[in-house]
Amino acid sequence: MAEIPKLRVGFLGLGIMGEAMARNLLKSGLFASVMVWNRTMAKCAPLVAEGAQCAETPAAVVDSCDVTFAMLADPSAALEAVFGDNGVLAAIAPGKGYVDMSTVDEATSTKIGEAIATKGGKFLEGPVSGSKKPAIDGQLIIMAAGDKELYDLVQSAFNVMGKKSFYLGTTGAAARMKLVVNMVMGSMMGAFCEGMALADKAGLEQSALLEILGLGAMANPMFALKGPAIMSRNYPPAFPLKHQQKDLRLALALGDALNQPLPVAAAANEAFKNAKAKGHADEDFAAVYEATQQK
Ligand SMILES: NC(=O)C1=CN([C@@H]2O[C@H](COP(=O)(O)OP(=O)(O)OC[C@H]3O[C@@H](n4cnc5c(N)ncnc54)[C@H](OP(=O)(O)O)[C@@H]3O)[C@@H](O)[C@H]2O)C=CC1
Ligand SMILES: O=CCCC(=O)O
């Protein structure tokens, strides 16, 4: 029986998540080649040292690869990588696929998907749940929507980067699902930080609050993981606060468009905006605790 040729894969965006995801593709040995690109080119060096190829533009990656993945900051970064000079659109063609795993809104994803399809390429959105550690461990949860043939084709890559993938339907469904998930997360983190701040003001040990929450119906990995960071007020970024605020902003816009009231998420968004204004944008999103602190 003829062997199925290995895919040549590309990866655009080597931030906290993208570097770990691209490394897992490389380490798996399942692909004919792994080619990477990052706006700040120096970030390609560690992966090149481990065997990846590096290209100077998104178009050069797409030109050399069967499927190109992207993990970029926000809608403007995702659009720039596709529509900018030497972007994805300059090289996408029939037989090639593009999988955008960034967290963006439906309008951004749809615009990208339509442009790719116009050039004969296939498009899939694939935002993820799970942060830096799950990305390193290949344990992400992938929400996918768009071209089903491309979804089937990239199963080996999804299995390397994640522990489970969901095919949710046509383009836009995964973007919407991811925003709902992160809206819940941002609201939970906001409520948790207010509880930690009130406990402290009320003369209670925050460590005791953490333990009590951890033993009851509200126990969850996020409180257990972020509680110690909040107690030490030290927030090395796993999920940068600016990205959580972007996700709340996009979720609120979705709520507006659908006439769905979202008062809790709107209040959480204000807390994240406040923390950003106080200089915590690039710290972990647990730094929203700082928004609870008065001078
Ligand atoms: N961190 C997390 O826990 C999670 C993040 N996400 C989502 O994944 C995406 C990436 O997150 P993360 O890795 O944390 O983010 P980082 O901020 O660490 O990385 C962002 C990446 O986007 C690139 N970028 C930013 N602006 C542009 C632009 N205009 N043109 C081209 N490239 C650009 C950056 O390039 P450069 O290096 O040059 O700045 C970098 O590669 C975001 O959409 C985020 O919401 C999803 C799940 C979890
Ligand atoms: O978008 C970021 C999600 C982070 C997480 O799921 O822990």
Inter-label distance for A253 and A281, nm, one decimal - labels placed 7 Å from Cα along Cα-to-Cβ: 1.6 nm
Entries in K43/K163; K111/K276; K246/K278; K148/K246 that, when Cα-Cα distance is taken, lie over 20 Å: K43/K163; K111/K276; K148/K246
Sites K295 and V180 - FRET efficiency at Förster radius 41 Å, r taken between beta-carbons, to 0.05: 0.70
Crossing angle, helix 173-201 versus the chain [Cα axis fit, 0-90 degrees, rounded to tens]: 30 degrees
Nitroxide proxy distance, nm - points 7 Å out along Cα→Cβ at F83 and K119: 1.4 nm
Added length on full extension, which subtracts the Cα-Cα distance from 0.36 nm per residue, A107 to A45: 19.0 nm
Links that overshoot a 24 Å alpha carbon limit, given the list K132/K178; K96/K132; K132/K295; K6/K133: K96/K132; K132/K295; K6/K133
The chain - percent relative contact order, Cα under 8 Å, separation 6 or more: 13 percent
Neighbour cut-off at most 14 other Cβ (10 Å), DSSP loop, trypsin sites (Lys or Arg not before Pro), the stretch 197-233: R233
Rounded to 5, percent antiparallel among DSSP beta bridges of the stretch 74-189: 30 percent
Anisotropy class of the stretch 8-170 from Cα gyration tensor, a/c 1.5 cut: rounded
Folded to 0 to 90 degrees: helix 221-232 orientation relative to the chain principal axis, Cα: 60 degrees
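Relative contact order for the stretch 51-200: what percent, with Cα pairs under 8 Å and sequence separation of 6 or more?
Over the stretch 51-200, the number comes to 19 percent.
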Peptide ranges 212-221, 50-59 listed from the most packed, as the mean C-beta count within 10 angstrom indicates: 50-59, 212-221
Helix 106-118 axis, angle to the chain major axis (alpha carbon atoms, nearest 10°): 0 degrees
Distant-in-sequence amide H partners of S165 (H built 1.01 Å from N, under 5 Å): I142
Mean separation of Cα contacts under 8 Å (6+ apart) over length of the stretch 213-295, as relative contact order %: 39 percent
The chain: most fluctuating residue of L140, L254, L225 per GNM, C-alpha cutoff 10 Å: L225
Contour minus Cα-Cα distance for T170 and A208 (0.36 nm per residue): 9.1 nm
Segment S64-A32, length gained on full extension (0.36 nm per residue, minus Cα span): 10.4 nm
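Values quoted throughout were computed directly from the atomic coordinates according to the rules given, and no laboratory measurement underlies them. Predicted, not measured: the structure shown is a model, and the values here were computed from it. Here the Cβ is made from the backbone with ideal geometry for all residues, glycine too, and neighbour counts use every protein chain on show.
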